[in-house]
Amino acid sequence: FVATPGADGWQLSNPPILALAPLRVSLSIFRRATMSALRAKSETLTAYFDALVREQLDDVLHVVTPNDPKRRGCQLSLRVKGPREAGRSLFEFLSARGIVTDWREPDVIRAAPTPLYNRHIDCLRFVLAVREWIVSHG
C-alpha cells in the first residue's frame, strides 16, 4: 500500500465497518430519544445550570455565553473573576474530580450539560466542586 500524498491520501471510498458500528448504535439512541425531546431538555438543563452559576457562583465566575436559549447551545462559557492562572487552576481542579469541561485560551472554561446523558444533579455537582475549589484556594 502506497498512500497518495497530501489530503487525498486520507480519503476512503468505503468507511471501515468497525468504525460504523458505534455510529449505527448512536443513531438508534438519537432516534429513540428524539431531537425535539433532547432540545427541550437541553434548554431546561442549560437554563438551570446558568441560573445556578449566576446565583451561587457570581462572586467567582462570569458567564460569557448569552442568556437567551436561542443564542446558545447546551454549554456555558465561563471566566473566573481573577487572573488567568485562577481559571486554569479551577479547570484542573474540576478535571481531577471527574468533571469534564474544556479550556479555551486565553481564559475560558466551557461546561456543557449535554442532554443525552447529563442530569440536573451534574450541574449541581459542578457548582459544589467550584465551591470546594474556592475554599481550598481561598
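The values are calculated or read from the model by the stated rules, or taken from the named source; none is laboratory data. Here the structure is a predicted model, which means the values were calculated and not measured. Counting neighbours? That spans all protein chains shown, and the Cβs are built from the backbone with ideal geometry, glycine included. Only protein heavy atoms, including side chains, enter the accessible area calculation; ligands, DNA and RNA are left aside. Shrake-Rupley method; radii C 1.70, N 1.55, O 1.52, S 1.80 Å.
So G82 clears everything in (1) buried (at least 18 other Cβ atoms within 10 Å of the Cβ); (2) on the phi > 0 side of the Ramachandran plot except one condition, right? Which one?
Only one criterion is unmet by G82, namely (1).
State which residue is farthest from S77 (Cα to Cα) when the search covers only segment 4-52 and only residues that are among the β-branched types (V, I, T) and not in a loop (DSSP other than H, G, I, E, B).
Among residues in segment 4-52 that are among the β-branched types (V, I, T) and not in a loop (DSSP other than H, G, I, E, B), the one farthest from S77 (Cα to Cα) is I17.
Right, E55: under 23 Å from the mean Cα position of the chain (by Cα), farther than 12 Å from P115 by Cβ and in a helix (DSSP H, G or I) or not?
Against the criterion (under 23 Å from the mean Cα position of the chain (by Cα), farther than 12 Å from P115 by Cβ and in a helix (DSSP H, G or I)), E55 qualifies.
Say we look at segment 8-36 and pick out the residues that are among the aliphatic types (A, V, I, L, M) and open to solvent by 100 Å² or more (accessible area, probe 1.4 Å); which of these is nearest to T114 (Cα to Cα)?
By that ranking, first place goes to M35.
Considering only segment 61-83, I want to know if a residue exists there that is more than 13 Å from V130 (Cβ to Cβ) and either assigned to a strand (DSSP E or B) or over 19 Å from the mean Cα position of the chain (by Cα) (or both).
Yes, the conditions are met somewhere in segment 61-83.
With respect to N118, is the statement that it is modelled with pLDDT under 95 and out of contact with any Ser or Thr (no Cβ under 6 Å at 6 or more places or on another chain) true?
Here the answer is no, as N118 does not meet what is asked.
Just one of R97, R71, R110 is modelled with pLDDT under 95 and open to solvent by 30 Å² or more (accessible area, probe 1.4 Å); which is it?
Of R97, R71, R110, the one residue that is modelled with pLDDT under 95 and open to solvent by 30 Å² or more (accessible area, probe 1.4 Å) is R71.
In segment 41-52, how many residues are open to solvent by 50 Å² or more (accessible area, probe 1.4 Å) and either acidic (D, E) or in contact (Cβ under 8 Å) with a residue 12 or more places away in the chain (or both)?
Residues in segment 41-52 being open to solvent by 50 Å² or more (accessible area, probe 1.4 Å) and either acidic (D, E) or in contact (Cβ under 8 Å) with a residue 12 or more places away in the chain (or both): 3 in total.
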